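All remarks here apply to the structure that follows.
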Amino acid sequence: ETGVTQSPTHLIKTRGQQVTLRCSSQSGHNTVSWYQQALGQGPQFIFQYYREEENGRGNFPPRFSGLQFPNYSSELNVNALELDDSALYLCASSLTERLNTEAFFGQGTRLTVV
Amino acid sequence: DQQVKQNSPSLSVQEGRISILNCDYTNSMFDYFLWYKKYPAEGPTFLISISSIKDKNEDGRFTVFLNKSAKHLSLHIVPSQPGDSAVYFCAASERNTPLVFGKGTRLSVIA
């Protein structure tokens with residue numbers, strides 16, 4: 001059974017650029033959620049995708065967008081990067097579309113915006 | 001305003017003793033609570049959960065206690081082992097809403 005995998009593991013971008021982060025969900029999981037974890041903070045919910053549709057969204061601006069593909073893998077896109085977007089981005093997959101279920105997390109992508 | 005608070009950034013415990021990690025919340029509508037453990041360079045791993053209809057849930061060495069009147073929950077690890085050294089996150093939610101995480105407590109178990 002393959003766990004949740006994210007790519008890349010580390011990324012450095014310049015303010016104003018755009019970035020795409022990728023996530024492969026755990027085998028059999030049809031729901032993917034994305035979280036932002038700033039330094040010294042807990043993970044903060046960005047949005048969730050269930051069967052290729054956005055199924056819930058946290059308090060993040062529209063420049064944070066996502067996609068889910070038929071194989072349930074997912075992308076997080078962030079446009080017009082700001083310095084405060086520097087954080088660990090975590091992807092989590094689960095078997096159910098419930099927003100508060102226990103989910104399986106990937107190792108994260110560390111994004112640094114300079 | 002933080003709805004889930006873990007007021008102790010770090011905790012050190014001797015191997016074999018009890019570790020108690022605390023979590024307070026402000027939203028009285030929260031009805032589902034989870035604990036996650038995170039090792040460096042890994043994603044958080046689900047540990048244990050509790051629904052608001054219970055006041056205790058146990059899984060091996062891990063027990064979570066919920067005090068709804070005090071809006072407080074705690075995670076007990078007995079006995080503590082060096083492999084338990086990690087950052088522990090408390091998370092809560094109201095019905096089917098996204099999890100709200102605390103800032104985490106770093107547990108160090110000293111051999």
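Cβ separations smaller than 9 Å between residues 6+ apart or across chains give no pair from the range A:70-94 residues that are aromatic (Phe, Trp, Tyr) to residues that are assigned to a helix (DSSP H, G or I). Just so you know, in the range A:4-17 the residues that are in a loop (DSSP other than H, G, I, E, B) and under 15 Å from the mean Cα position of the chain (by Cα) include one that is farthest from the other protein chains (Cβ to nearest Cβ), and it is A:Pro8.
Per-residue answers, yes or no, for (1) touching a strand residue (DSSP E or B) at 6+ places or on another chain (Cβ under 7 Å); (2) within 30 Å of B:Ser49 (Cα to Cα); (3) away from chain B (no Cβ under 12 Å):
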| site | (1), (2), (3) |
| --- | --- |
| A:Asn30 | yes, yes, yes |
| A:Trp34 | yes, yes, no |
| A:Gln37 | yes, yes, no |
| A:Gln44 | yes, yes, no |
| A:Asn71 | no, yes, yes |
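Can you confirm whether B:His72 is more than 14 Å from chain A (Cβ to nearest Cβ), surrounded by fewer than 17 Cβ atoms within 10 Å (Cβ to Cβ), more than 20 Å from B:Gln3 (Cβ to Cβ) and not small (Gly, Ala, Ser)? No; evaluated as a whole, the condition is false for this residue. Please work out if A:Tyr50 is farther than 22 Å from B:Val100 by Cβ, of a type outside the set (A, V, I, L, M, F, W, C), modelled with pLDDT under 95 and buried (at least 16 other Cβ atoms within 10 Å of the Cβ). No.
Set side by side, the residues A:Thr20, A:Thr96, A:Thr109, A:Thr101 differ, and just one is over 25 Å from B:Ala86 (Cα atoms) and either within 13 Å of chain B (Cβ to nearest Cβ) or surrounded by 18 or more Cβ atoms within 10 Å (Cβ to Cβ) (or both), which is A:Thr96. When B:Ser80, B:Ser28, B:Ser52 are checked against the criterion of being small (Gly, Ala, Ser), under 15 Å from the mean Cα position of the chain (by Cα) and surrounded by fewer than 20 Cβ atoms within 10 Å (Cβ to Cβ), a single residue qualifies: B:Ser52. Only a single criterion out of (1) touching a Pro at 6+ places or on another chain (Cβ under 7 Å); (2) surrounded by fewer than 16 Cβ atoms within 10 Å (Cβ to Cβ); (3) within 14 Å of chain A (Cβ to nearest Cβ) is not satisfied by B:Phe101, namely (2).
Could you tell me whether B:Arg95 is part of a loop (DSSP other than H, G, I, E, B) and touching a strand residue (DSSP E or B) at 6+ places or on another chain (Cβ under 9 Å)? In short, yes.
The values are calculated or read from the model by the stated rules, or taken from the named source; none is laboratory data. Predicted model only: the values in this text are computed from it and were never measured. With ideal geometry, Cβ positions are generated from the backbone for all residues, glycine too; neighbour counts draw on all protein chains shown.
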